[in-house]
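The values are calculated or read from the model by the stated rules, or taken from the named source; none is laboratory data. Keep in mind that this is a model prediction, so the values were computed, not measured. Ideal geometry is used to build each Cβ from the backbone, glycine not excepted, and the neighbour counts take in all protein chains shown.
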Amino acid sequence: MDALGGNRTSGHAMRRVLKWVWRGSLVLTSLLALTWTFALAVGSRRLDKALESARSDARFSKPWPQDWSRPKPGENAAAYFTGAFALVEDTDPKTHYLVSKVVNGGWDGVSEAERAVLRSWFSEKAAAIELAARGADRPRSWFVGKWSWDPWNQAVEHGTGAIRLVSALIARAWCQTIDGNHDEARESIRSAFAVADCFREDPRFFTLMITTSHHLAIQLSLLRMIPPEATAQDIEEWLRIIPKPDRFDDSLEKSIRWDAYVLVDLLSGPLDRFWHASCDVSSVRDWRQTLQRRLADPLVKIDGVRALKDLERMIEICRMPFADAKKEADQMMTSTHESGHSKVWHPVRRVFIVPRIRILPQRLEFIQDYRAASTVLRTGLEWELIRLRTGKYPERCEVIDPISGKPLLLETVPLGLKSEITKRHYPQGPISWVLRGK
């Protein structure tokens, strides 16, 4: 009897424990639900305010890509460039390697046997060169096929083709310069600049970097390619086709504004498109689960507000002088690295913002190097023009070096103009112009 009574007592105690556990679970679930609802309401209110603030900026307004002004018949260079890309890409890897050797080391960087291979290849690709020249005569370049209905879901279809065609045109210009065909070499470079600008109507960060790198590669080659026997008329023609140092001054800000435009679009309304974009960008499939997405919605809204603030700060950094911008970008990158930004607690910034912050300092340096190369190249040509007209070079240089903020260095051995050494190393050599006069 005592054992039976003990079992009844323990059973009754167990039921009471289970009862309190059940009640506690209900209370905890209710508290979590209230917390989730409160976080969602607060996040929604803050995000709506941030989105409205972003949309109210006049510089933010941008139509969808399919609504942009299309080129008129005969204006679009894209068809010519696309054909040229296909012809150049249909090449064995060894020839592409030889082309890159010339781009990096000039015509002296290849042997006589390799030069013969390249000359033959240039003849074979005459159709591609002609298409590039015809495209260079068109005022616009619009690759319609790469834009989809979602601004975040776009592929750069012709990035590799553009890289190879620009390289081919630089190598061809080197060959023509060595052969004494200076007008033809300048025409090849004119086409190279046009191909480098083939994505000029594309606002995305990646295409901006492709365009900038192409321009920098061309100018680094020209620092050594333009021959001593260039006449005053030749130099004037060169100055007409070489872009000025301010060519990319506002381009980085524009690309970040495009990122803001895309993010505002993804965070507006239901978040299904955001999750879809996040999964595609980060290759994470777990978040496609509906319950997981719903539970994380408050985090998306709260983190979305912070992401838009990060983009605003990046835009402010782009407007600063280089030294200040680089310092702020480094601090922002360091802060981002230290804070971690896991995908769970920062679903917006970790996927869409952190990658931009990490490379922002490098991109600022890269554009600054372009400014320096353009400044040195154009100043060197202007000094050659002065020598041809007056018989002597200026005694001092007052042109400001974008990197140092001081006048360009005037070297004596060899006599020339030079930009301050940067952290980046280029195979073409330092950013300098050796004066051609004797």
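Restrict the check to the range 77-84 and report whether at least one residue is assigned to a helix (DSSP H, G or I), polar (S, T, N, Q) and either surrounded by 10 or more Cβ atoms within 10 Å (Cβ to Cβ) or modelled with pLDDT under 70 (or both). Yes, because at least one residue in the range 77-84 is assigned to a helix (DSSP H, G or I), polar (S, T, N, Q) and either surrounded by 10 or more Cβ atoms within 10 Å (Cβ to Cβ) or modelled with pLDDT under 70 (or both). Consider PRO394 carefully, then state whether it is assigned to a loop (DSSP other than H, G, I, E, B), in contact with a helix residue (DSSP H, G or I) (Cβ under 8 Å, 6 or more places away or on another chain) and at pLDDT 90 or above. Considered against the rule, which asks whether it is assigned to a loop (DSSP other than H, G, I, E, B), in contact with a helix residue (DSSP H, G or I) (Cβ under 8 Å, 6 or more places away or on another chain) and at pLDDT 90 or above, PRO394 comes out as yes.
Being touching a Ser or Thr at 6+ places or on another chain (Cβ under 9 Å) and part of a helix (DSSP H, G or I), is that true of even one residue in the range 334-343? For the range 334-343, residues touching a Ser or Thr at 6+ places or on another chain (Cβ under 9 Å) and part of a helix (DSSP H, G or I): absent. Residue selection: PHE322 satisfies the criterion of being over 30 Å from THR231 (Cα atoms) and either small (Gly, Ala, Ser) or in contact with a Lys or Arg (Cβ under 9 Å, 6 or more places away or on another chain) (or both). Being out of contact with any Ser or Thr (no Cβ under 6 Å at 6 or more places or on another chain), over 15 Å from ALA77 (Cα atoms) and at pLDDT 95 or above holds for only one residue in ILE163, ILE210, ILE189, ILE170, and it is ILE189.
Scanning the range 201-243 for residues that are surrounded by fewer than 21 Cβ atoms within 10 Å (Cβ to Cβ), hydroxyl-bearing (Ser, Thr, Tyr) and over 25 Å from PHE143 (Cβ atoms) gives a single hit, THR231. Under 30 Å from ASP250 (Cα atoms), surrounded by fewer than 19 Cβ atoms within 10 Å (Cβ to Cβ), basic (Lys, Arg) and modelled with pLDDT under 95: does that describe ARG46? Here the answer is yes, as ARG46 does meet what is asked. Among the residues of the range 359-370, is any among the aliphatic types (A, V, I, L, M), closer than 30 Å to LEU271 by Cβ and under 28 Å from the mean Cα position of the chain (by Cα)? Yes, some residue in the range 359-370 is among the aliphatic types (A, V, I, L, M), closer than 30 Å to LEU271 by Cβ and under 28 Å from the mean Cα position of the chain (by Cα).
Every listed requirement among (1) in contact with a Pro (Cβ under 8 Å, 6 or more places away or on another chain); (2) modelled with pLDDT of 90 or more is met by TRP142 save one, (2).
Mind telling me which of the residues ASP280, ASP202, ASP249 ends up being under 26 Å from the mean Cα position of the chain (by Cα) and at pLDDT below 80? Just a single option satisfies the conditions, and that option is ASP280.
Per-residue answers, yes or no, for (1) in contact with a His (Cβ under 9 Å, 6 or more places away or on another chain); (2) under 28 Å from ARG240 (Cβ atoms):
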| site | (1), (2) |
| --- | --- |
| LEU364 | no, no |
| TYR370 | yes, yes |
| THR412 | no, no |
| SER419 | no, yes |
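Are any of the residues in the range 294-310 loosely packed, with under 14 Cβ neighbours inside 10 Å, part of a loop (DSSP other than H, G, I, E, B) and modelled with pLDDT under 80? No: the range 294-310 contains no residue that is loosely packed, with under 14 Cβ neighbours inside 10 Å, part of a loop (DSSP other than H, G, I, E, B) and modelled with pLDDT under 80. With respect to (1) over 30 Å from MET320 (Cβ atoms); (2) touching a residue at least 40 places away in the same chain (Cβ under 8 Å); (3) not hydrophobic (A, V, I, L, M, F, W, C); (4) not in a helix (DSSP H, G or I), the lone exception for GLY180 is condition (2). Considering only residues that are farther than 20 Å from LEU220 by Cβ and among the polar types (S, T, N, Q), look in the range 371-423 and name the one that is surrounded by the fewest Cβ atoms within 10 Å (Cβ to Cβ). Among those that are farther than 20 Å from LEU220 by Cβ and among the polar types (S, T, N, Q), it is THR412. Only a single criterion out of (1) part of a loop (DSSP other than H, G, I, E, B); (2) surrounded by fewer than 18 Cβ atoms within 10 Å (Cβ to Cβ); (3) hydrophobic (A, V, I, L, M, F, W, C) is not satisfied by CYS198, namely (2).
Of the residues PRO427, PRO407, the single one that is of a type outside the set (Val, Ile, Thr) and under 21 Å from TRP174 (Cβ atoms) is PRO427.
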